[in-house]
Amino acid sequence: VLGGLTILFAVACVFVSYLMSRRAMIPIAQSLARQREFVADASHELRTPLSVLMSSIESLGMRKQAPSDGNDDRFEQRTLGYMKDEVKGMTRLVGDLLYLARSDSGAEQLQLARFDIRASAERTLNSLAHLFEAKQIVLDLQAPDKLLMYGDEQRLLQLLVILVDNAVKYSPSGTLVRVKLAEEKQRSHRILTIAVVDQGIGISAEEQERIFERFYREDKARSRQFGGHGLGLAIAKRIVVSCGGIIQVASKSGQGSAFIVKIPFSE
Ligand code: ADP
């Protein structure tokens with residue numbers, strides 16, 4: 001009987017450890033699949049501008065060999081302009097990928113300091129004036145005259161730029177983008193709220209579940225036309241989470257979107 005029980009116990013142990021290893025393997029398999037998908041998406045995003053650059057170089061080369069039709073300078077300038085745009089886009093993409101990789105490996109440290117977020121948000125929004133002007137979008141900043149915050153200024157401004165850039169990108173001309181900054185006091189700490197509200201195309205309920213995923217874009221072809229890579233909101237979420245905060249979206253298709261960020265801080 002003792003021998004039988006020992007065998008039964010051994011079989012049960014093997015079975016339980018098999019189940020546990022399977023449970024452990026599922027997340028590992030999922031994360032490997034996600035990593036593979038990420039590398040495939042990143043390669044695809046880099047391949048598109050590279051082929052545009054290649055064909056631009058080829059057409060410049062062919063033009064040099066053909067007899068001049070008097071328009072060479074204009075053609076060269078225009079092609080060089082396209083090439084510069086592609087290189088700019090690739091540089092931004094590589095910067096975004098590096099930030100996510102460093103942040104995944106824990107190499108990204110927050111640079112904490114006290115600063116007036118009202119003043120720095122205003123400066124940043126002024127530097128984006130060309131985006132608003134190009135689409136005749138009106139910006140409305142609502143914030144107290146001074147709002148002292150303790151946090152990573154550069155990262156918080158990067159987050160604001162991502163949300164405002166999207167609000168402008170996905171809104172028709174002649175609309176309004178509202179940026180609200182506010183502070184809420186709780187017992188031991190304070191909470192900074194950043195709200196970016198637009199009157200744009202909106203985001204359907206199914207899409208809202210996925211927009212914070214890396215490389216997620218509702219319509220890839222349309223997004224390329226808008227100049228996005230689908231990493232903006234993934235980076236925004238990473239910044240918010242690394243600051244101990246939350247980011248939420250409220251939206252309806254065709255009725256605009258509101259992105260709300262809440263970040264606790266003390267000091
Ligand atoms: P992208 O570079 O494509 O803008 P993001 O990660 O910033 O990438 O956004 C992911 C997707 O979420 C976008 O492709 C778009 O479909 C949707 N989205 C983000 N912000 C808005 C917004 N303010 N209004 C409508 N759709 C938005």
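Here the condition is being within 20 Å of A236 (Cα to Cα), more than 18 Å from the chain's Cα centre (by Cα) and within 16 Å of the ligand (Cβ to nearest atom); of K135, K180, it holds for K180 alone. Counting only helices (runs of 4 or more DSSP H) wholly contained in region 177-267, the ones carrying 2 or more residues that are within 30 Å of V87 (Cβ to Cβ) occupy 220-226, 232-242. Taken across region 119-134, residues that are modelled with pLDDT of 95 or more and in a strand (DSSP E or B) do not occur at all. Only one entry of E218, E267 meets the criterion of being more than 17 Å from V161 (Cβ to Cβ), out of contact with any strand residue (DSSP E or B) (no Cβ under 8 Å at 6 or more places or on another chain), among the charged types (D, E, K, R) and modelled with pLDDT under 95, and that entry is E218. The listed residues are F226, F212, and the only one of them that is modelled with pLDDT under 95, among the aromatic types (F, W, Y) and either within 19 Å of S43 (Cα to Cα) or under 18 Å from the mean Cα position of the chain (by Cα) (or both) turns out to be F226.
Residues in region 92-109 that are touching a helix residue (DSSP H, G or I) at 6+ places or on another chain (Cβ under 9 Å) and not in a helix (DSSP H, G or I) were compared, and the one that is farthest from G232 (Cα to Cα) is A107. Please name all residue pairs, on different chains or six or more residues apart, with Cβ atoms under 9 Å, provided the first residue is in region 69-93 and is closer than 15 Å to S55 by Cβ and the second residue is assigned to a helix (DSSP H, G or I) and of a type in the set (S, T, N, Q). The qualifying pairs are F75/S59; T79/S56; T79/S59; L80/S56; Y82/S56; M83/S56; E86/T48; E86/S56.
The values are calculated or read from the model by the stated rules, or taken from the named source; none is laboratory data. Keep in mind it's a predicted model, so treat the numbers as computed, not measured. Cβ: placed from backbone, ideal geometry, glycine included. Neighbour counts: every protein chain shown.
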